[in-house]
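Working notes, structure below.
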Amino acid sequence: MADGLAVSVSRALAEASPMAERLFGTLAEKTADTVGVTRASYGEGEQFAHDLLAATARSLDLDIATDWAGNLYMTLPGRDRSRPALMTGSHLDSVPRGGNYDGAAGVIAAVTAVAALRRAGLRPSQDITVMATRAEESGSWFKGRHGGHLGARMALGLLWPDELETAIRIDTGRSLAWHIAAAGFDPKKATEGPPRLARERIGAWIELHIEQGPVLLTEGYPVGIVTAIRGILAAREVKVLGAYAHAGATPESYRQDAALAAVDFIAGMDRHAEAVRARGGDLTFTVGKINTDAALHSMTKVAGEVRFSMDIRSRDQAALDGIPPVAARLAAEVEARRRARIELGGFAPTPAAAMDAGLRRLLAQGAIELGIRAKELPCGASHDTVDFASVGVPAAMIFVRNANGSHNPDEAMEFADFAEGTRLLAMLLARLSSGD
Ligand SMILES: [Zn+2]
């Protein structure tokens, strides 16, 4: 029986693959930028991708729906529609001048897998819904106070009360609410009734995504099975406030040097991360942006102000929970030593998430049955999957080997690897939905 399912899923998937290749080609062509592709969250490119996928789903005779935030749902109806649905998908936006595969691969894989199941004559026991989320890349497109992954979080009812207004798109200066309305959807419905996706109506969430690191490529695996997703604490703008002073005329004991205070603080945080790792823990610490004020700074001045960002990640939620008190203590120490003020400005949290053990087991078993070499590995980047896991939905992720990382135009996923990942996804959906 297992062999029969593997054979029929593989055959149907091979037949559905040309459609997937065509979709990647059309997306690359129609959302091309000077280099790479640009599909802004709630922008033209994202809308084109949503329209293309909806039209494809319609041609496959799937049920189409959207929610007030513009997330797209494409459903293969099950025999018993009252049962919690199996959901699979990803996002269709990209970072500015990004690659064609980050996000889109997961939606195209899901539609292709569903098309293959239909071809194989499978009538699922419950609905299988492909979801194309909105604005997963909101970290790149929206500034101001927001929690990222806006589309998935809106669907799951996880949006903060004022986030529709405090999330501001960097290029237009308009709010998230404005952009939702401009795309033809209805942000006023945010507070009406229960969220579109209720936890108890979702049997499982599975997302296929390109790997954004080098592990699968280096170790020779086409496909990965994610064990856990790192959570994030983001401090977008830490301010260190000292006093501008002459570089030669001001004695050290009179200085309030913002640059040296920033250096001390950052070095202290790095030492903390190193200590956590030395104990066998998992913690990354990144200062991606750091600057003095170009209008006021000079080589011959003590720096009066420094601003920097902090991105802190861990698979272990406790390690993340430990960060704010450590940072506050360290800031107080440095303030006393350097006579400068450190304003941390608060941490925006994205929780860490363990993937569902049962789904991981089914994926590992499916890979063996299909003859696919698959490696279990943790995921360093954050995804919509985290939000599903955070409300208690059993969640899993399939990685596809990809060279050159992501969020850049050089993403390089081989179609053959994508087809293997999609075959594994189809097999999992078939297995989960073949029961009574
Ligand atoms: Zn992504």
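Nothing in this text is a laboratory measurement; each read-out follows from the coordinates by a stated rule. Small disclaimer: the values here were computed from a predicted structure and weren't measured. Here the Cβ is made from the backbone with ideal geometry for all residues, glycine too, and neighbour counts use every protein chain on show.
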Summed residue charge, Cβ within 11 Å of ARG153's Cβ, Lys/Arg positive, Asp/Glu negative: -3
query: Nearest 10 degrees, 0 to 90: what angle lies between the long axis of helix 258-278 and the longest principal axis of the chain (Cα atoms)?
result: 50 degrees
- line: DSSP beta bridges in the chain: the antiparallel percent, rounded to 5, is 70 percent
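Sort ILE232, ILE108 so that the residue with the fewest other Cβ atoms within 10 Å of its own Cβ comes first and the one with the most comes last.
Numbers: ILE232 23, ILE108 30.
Ordered from fewest to most neighbouring Cβ atoms within 10 Å, ILE232, ILE108 come out as ILE232, ILE108.
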- prompt: Given charges of +1 on the Cβ of Lys and Arg and -1 on the Cβ of Asp and Glu, with all other atoms neutral, how large is the dipole of region 231-350 about its Cα centre, in debye to the nearest 20?
  reply: 60 debye
- prompt: For helix 2-30, what angle does its Cα long axis make with the longest principal axis of the chain, in degrees from 0 to 90 and rounded to 10?
  reply: 50 degrees
statement: Given unit charges at Cβ for Lys, Arg (+) and Asp, Glu (-), the dipole magnitude of the chain about its Cα centre in debye, nearest 20, is 500 debye
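Quick check: from the Cα gyration tensor, does region 231-350 come out rounded (a/c under 1.5), prolate or oblate?
Values: a/c = 2.65, a/b = 2.07, b/c = 1.28.
Prolate is the answer for region 231-350, as a/c is 1.5 or above and a/b outweighs b/c.
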query: For the chain, rounded, prolate or oblate, judged on the Cα gyration tensor with a ≥ b ≥ c (square roots of eigenvalues), a/c < 1.5 rounded, else prolate if a/b > b/c?
result: prolate
- request: Pop a pseudo-label 7 angstrom from the Cα along the beta-carbon direction at both ARG361 and ALA416 and give the gap in nm to one decimal.
  value: 3.4 nm
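What is the fewest-to-most order of TRP178, TRP205 by other Cβ atoms lying within 10 Å of their Cβ?
Details: TRP178 17, TRP205 27.
The most exposed by this proxy come first: TRP178, TRP205.
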- prompt: Which listed residue (ALA332, PHE415, LEU320) has the Cα farthest towards the positive end of the charge dipole for region 286-419, taking +1 on Lys and Arg C-beta and -1 on Asp and Glu C-beta about the Cα centre?
  reply: ALA332
- prompt: Whole-Hz Karplus ³J(HN,Hα) for region 308-317, in order, using 6.51 cos²θ - 1.76 cosθ + 1.60 and θ = phi - 60°, x for Gly and Pro?
  reply: 8, 10, 10, 10, 10, 10, 7, 6, 9, 4
statement: Charge dipole of the chain built from unit charges on the beta carbon (Lys, Arg +1; Asp, Glu -1), centred at mean Cα; most positive-end Cα among LEU241, ALA113, LEU92 is LEU241
message: Is the C-alpha gyration tensor of region 198-253 telling us rounded, prolate or oblate? Criteria: a/c under 1.5 is rounded; beyond that, a/b larger than b/c is prolate, otherwise oblate.
response: oblate
query: What is the fewest-to-most order of VAL240, VAL386 by other Cβ atoms lying within 10 Å of their Cβ?
result: VAL386, VAL240
- prompt: Label point 7 Å out from SER309 along Cα-to-Cβ: which residues of region 142-184 have amide N under 19 Å?
  reply: 142-151, 166-174, 176
- request: Give the angle, between 0 and 90 degrees and rounded to the nearest 10, that separates the Cα long axis of helix 44-59 from the longest principal axis of the Cα atoms of the chain.
  value: 20 degrees
message: Restricting to DSSP H runs of at least four residues, report the calculated mean residue ellipticity at 222 nm for the chain, -39500 (n - 2.57) per run over all residues, nearest 500 deg cm²/dmol.
response: -12000 deg cm²/dmol
